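Report on one structure; see the data block that follows.
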Amino acid sequence: MDESGPTDAELLRAHVDGDPEAFAELVRRHRDRLWAVAVRTIGDREDAADAVQDALLSAHRAAPRFRGESMVTTWLHRIVVNACLDRLRRRRSHPTVPLPDGTRPAESRPAAPEPAAPAPDHDAAMDVRSALAALPPEQRAALVLVDVQGYAVAEAAEILDVAEGTIKSRCARGRARMAAALGHLRGGDGDHDSSGNHTPSGAVSPTTSAREGRGGR
């Protein structure tokens, strides 16, 4: 953001006051990270695009109720994550058989171009995505924010509107489930990464693999 330009809060206020361009500029600033969170949380590009669209429409309408108790970007992320979790819960109530790379058959894809998304990863990273997709929605959302997108625990707690201890617990349970699911990647005793997770020798850790394809924070 240009330091001489308006802040996120100023843009949101301008939108509420009737500026027709303010909300579009706010979305432009944050859309890449909002998209990254959505596609990693849902695991399907089309569902992620729909979730982001629904969330931004909700944010557009809810802007007059924003009280400034959190950063605008935190507020936007919370709305996007909630939209993703709603879709995941509906999906679990009406299960389908997703493809492992988060895509759908060519005949079911829309003719319009899809939003930009991470490039295809190697087999190990695809296994990691599949393991992430198998987690309960709340654990998946916490891991996406902390381990994939690199948010601090405190930031993730604010986005998900839960206690920091809850984020830590969800991440720990999610990492344990992923480690069990990815046991076939283990090639030796391995080392431990900086967060205390066991990293198999010759393999890629769940957190590192998940970051590949987003190009860093």
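The values are calculated or read from the model by the stated rules, or taken from the named source; none is laboratory data. The structure displayed is predicted, hence computed values, not measured ones. Here the Cβ is made from the backbone with ideal geometry for all residues, glycine too, and neighbour counts use every protein chain on show. We work out accessible area using only protein heavy atoms, side chains counted, and drop any ligands, DNA or RNA first. Shrake-Rupley method; radii C 1.70, N 1.55, O 1.52, S 1.80 Å.
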> Right, Leu34: under 25 Å from Gly150 (Cβ atoms), of a type outside the set (Gly, Ala, Ser) and in contact with a Leu (Cβ under 8 Å, 6 or more places away or on another chain) or not?
Replying inline: yes
> Does Asp127 fit the bill of being part of a loop (DSSP other than H, G, I, E, B), modelled with pLDDT under 85 and surrounded by 15 or more Cβ atoms within 10 Å (Cβ to Cβ)?
Replying inline: no
> Using beta carbons and a limit of 8 Å, which pairs, at least six apart or on different chains, have the first residue in the stretch 166-186 and touching a residue at least 60 places away in the same chain (Cβ under 8 Å) and under 14 Å from Ala131 (Cα atoms) and the second one of a type in the set (Asp, Glu) and open to solvent by 50 Å² or more (accessible area, probe 1.4 Å)?
Replying inline: Leu185/Asp127
